[in-house]
Amino acid sequence: MAAVGSGGSTAAAGPGAVSAGALEPGTASAAHRRLKYISLAVLVVQNASLILSIRYARTLPGDRFFATTAVVMAEVLKGLTCLLLLFAQKRGNVKHLALFLHEAVLVQYVDTLKLAVPSLIYTLQNNLQYVAISNLPAATFQVSPMPSMASEGLARVGCVL
């Protein structure tokens, strides 16, 4: 890592060199800012479409599906998507993927346990969301205060507005 001199110049230019401007707060590029707002817009559209589709499915005549089944299937799809992305990140190498998962889940078991409690609470929240959507009009549910969902969505994209 290069040391930054008094004039903001680096003592050694190389792959670890960091300019003084990159360390100052507020120097986020326009592309980063644009990506942040695009991600936020996508999350808003995703949340609204999820609520409307759940509301539609839960108000159809006939037998209803269990909310727990829908939540579990959604989590399974999310897990498979994450595994697929990790597989692509490891360039299709199954051995590297297996070693990475072993290290992240089993060897660092304390971190896995720390994530278990929020995961269980999130699962409970999703079950309650299905119950609420089944019993409230979609517009009422959409504007109801749900701070945990909003903060979760913002945290996913690293937004601080």
Original post:
Consider Ala48 against the criteria (1) within 30 Å of Asn135 (Cβ to Cβ); (2) among the aliphatic types (A, V, I, L, M); (3) at pLDDT 85 or above: it satisfies all of them except one. Which criterion is unmet?
Top reply: (3)
Original post:
Residues in the stretch 94-105: is at least one open to solvent by 60 Å² or more (accessible area, probe 1.4 Å), more than 15 Å from Glu75 (Cα to Cα) and not in a helix (DSSP H, G or I)?
Top reply: no
**OP:** Check Pro61 against each of (1) at pLDDT 85 or above; (2) assigned to a helix (DSSP H, G or I); (3) out of contact with any Ser or Thr (no Cβ under 6 Å at 6 or more places or on another chain) and name the one condition it does not meet.
**Re:** (2)
Original post:
If you scan the stretch 63-93, which residues turn out to be without any contact (Cβ under 8 Å) to a residue 24 or more places away in the chain, of a type in the set (Val, Ile, Thr) and exposed (fewer than 13 other Cβ atoms within 10 Å of the Cβ)?
Top reply: Thr69, Val76, Thr81
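The values are calculated or read from the model by the stated rules, or taken from the named source; none is laboratory data. Note that the coordinates shown come from a computational prediction; the quantities given were computed from them, not determined experimentally. Note that we place each Cβ from the backbone using ideal geometry, even for glycine, and neighbour counts take in every protein chain shown. Only protein heavy atoms, including side chains, enter the accessible area calculation; ligands, DNA and RNA are left aside. Shrake-Rupley method; radii C 1.70, N 1.55, O 1.52, S 1.80 Å.
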